[in-house]
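Student: The structure follows.
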């Protein structure tokens, strides 16, 4: 089963487009967890336990683990072990390098860590992306329009009649022979999301930027989904995992994830009818 | 002392523009090293010992360490411990992410690992680069034109009268208030290198792609140096560290590095006169 099919199957089975981002920061987790030998891992374990029935994916931001050196990689590996089958795991690493180096990064993320998908930076072109899309079962979400202010610096530069991001998505479309390519489009860019979904009607789109970054959930669903109300992956990180800073963090994360999933599903029903 | 001044001082003191890339791959190091508890570390230790008087910098390609998980990060940390003072250490990680994540990556590379400089991907714009250029003593080499075939996919797209890479370098020039920004320009792109050096007469340029990738050393020196014959950093990785696959790998690496440094210095003398 190719990645796009797998994602659709999981989204249908879980009735969820929600992805929770495990951007776990040791300075932000409850103080009480520091009695554990591995406080970040315990935090992740409890977040996963509390939210696993509500999500189609978990996104793991590698910066937050890399930042802890050797120990971080062990936490990452063990965290992946807590995520049940039937949920997409996204290694949010945004790597991009020349062929032989991209190959090493891909080997680490897709073979050693067995992520179901990764995020990839397109700046260095095809040979920097190819190792990430070699296996049809594993996906790669290529950055198109990002949610941050700096997105304006280069992604919107017009070449011919089209902005850079549109050149990128058209190129990614041509690379998608195995149906395992996706795009990253920030929820803070609803107009662009709408435009992009028209160009790639059936490509998975990872949409970060709702929650703390302020993107509209309604637009993310309305413009991010395919015509059947699938293939948008709406990511929330900080607004879910830090919903409470107290002992009740896992319950609070669950409530926050549940509310997001239901809001997403209300918009899906409104714009696409019953999922089909 | 800002990064640009520091680099110039080191290049003068060492009479070298050569950077050796420690892209150390466990499948390529001599079999005999595998009796050591940490074969990659032993390989790096001997390469550094054999070449440290010949280089201005070592570039460590993070993919090759990340690929080994927790153990790789420990090897990376210990390798940095073998590099003497007075040599620039470049963490070649090409990271690029939204502000709070870029901050985590920068903290890992610049504070935890204390790299003297990093490579950074500009695609996500200023807030993705800013954490890497906050400390004037530590540099960031921003990707402009890369040495790989995929560089053609997006870096040359024209916006207005200028290719994307030129928009990037002009933007980086405006970010360079602390004199710690640099650029990455592949040695396989001599025409672009020449053009870029005219726009940024005194910015460090990291030039990978001589050796295995086939870029011209002569052009790298001629077009990459500032008017005084400094601030180009010519990187060679595989052609130096794998100069021999036998027991004599360290001696062979030294010979290869020595030959490169001398050839570079001959071109410097020819094009810029005695270093001044």
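Read the figures in this text as sums done on the coordinates, not as results from a lab. Everything quoted here is computed from the prediction, not taken from an experiment. Quick reminder, even Gly has a Cβ in these numbers, built from the backbone with ideal geometry, and neighbours come from all protein chains shown.
Student: Quick check: residue separation of residue A:28 and residue A:70 times 0.36 nm, minus the Cα distance between them. What number comes out in nm?
Tutor: Details: separation 42, 0.36 × 42 = 15.12 nm, distance 2.04 nm.
The residue A:28-residue A:70 span can extend by a further 13.1 nm.
Student: Among DSSP beta bridges lying fully in chain B, give the percent that are antiparallel, nearest 5.
Tutor: Working: 2 of 31 bridges.
Approximately 5 percent, going by the DSSP bridge assignments.
Student: For the stretch A:34-108 and the stretch B:134-152, what is the separation of their C-alpha centers, rounded to whole Å?
Tutor: If we compute the Cα centre of each part, the gap is 27 Å.
Student: Quick one: grab Rg to one decimal and Dmax as a whole number for chain A, Cα atoms only, in Å.
Tutor: 17.7, 58
Student: Under a GNM of chain B (C-alpha, springs under 10 Å), which listed residue has the highest mean-square fluctuation: B:52, B:31, B:11?
Tutor: Of B:52, B:31, B:11, the Gaussian network model singles out B:31 as fluctuating most.
Student: With N set to the residue count of the stretch B:121-216, report its C-alpha Rg divided by 2.2 N^0.38 Å to two decimal places. Each step should come with its number before you reach the end.
Tutor: Numbers: Rg = 13.0 Å, N = 96, 2.2 N^0.38 = 12.5 Å.
So the Cα radius of gyration is 1.04 times the expected 2.2 N^0.38 Å.
Student: Using just the helices of the protein assembly as shown, give the 222 nm mean residue ellipticity in deg cm²/dmol: DSSP H runs with n ≥ 4 each add -39,500 (n - 2.57), and the total is spread over all residues, rounded to 500. Don't skip to the answer; put the middle values down first.
Tutor: On the way: 24 runs with 233 residues, N = 552.
Dividing the helical sum by the residues of the protein assembly as shown leaves -12500 deg cm²/dmol.
Student: Further, regarding this structure: At R0 = 22 Å, how high is the FRET efficiency between residue B:53 and residue B:77 if r is their beta carbon distance? Nearest 0.05 is fine.
Tutor: Working: r = 24 Å, r/R0 = 1.07.
FRET efficiency, residue B:53 to residue B:77: 0.40.
Student: For q values of 0.05, 0.06, 0.09, 0.10 Å⁻¹, compute log₁₀ I(q)/I(0) with the Debye formula on a Cα-only model of the protein assembly as shown, without solvent.
Tutor: The computed values of log10 I(q)/I(0) come out as -0.20, -0.29, -0.65, -0.79.
Student: Between the label point of residue B:77 and that of the same position in each other copy, find the distances and list them shortest first in nm, with every label point placed 7 Å from Cα along the Cα-to-C-beta direction.
Tutor: 1.5
Student: Put the label 7 Å from Cα along Cα→Cβ for residue B:201; what are its distances to the other copies, in nanometres, shortest first?
Tutor: 5.7
Student: Shifting gears a bit: Of the beta bridges DSSP finds with both residues in the stretch B:35-190, what % are antiparallel, to the nearest 5? Can you show the working numbers first?
Tutor: Working: 2 of 19 bridges.
The antiparallel proportion sits near 10 percent.
Student: To continue, here is another question. For residue B:1, place a label point 7 Å out from Cα along the Cα→Cβ vector, do the same in each other copy, and report the separations in nm, one decimal, smallest first.
Tutor: So the label point of residue B:1 gives 6.0 nm to the other copies.
Student: Another question, then. Between residue A:38 and residue A:269, 0.36 nm times their residue separation minus their Cα-Cα distance comes to what? Provide the component values of the computation, followed by the final result.
Tutor: Details: separation 231, 0.36 × 231 = 83.16 nm, distance 4.14 nm.
That works out to 79.0 nm of additional length.
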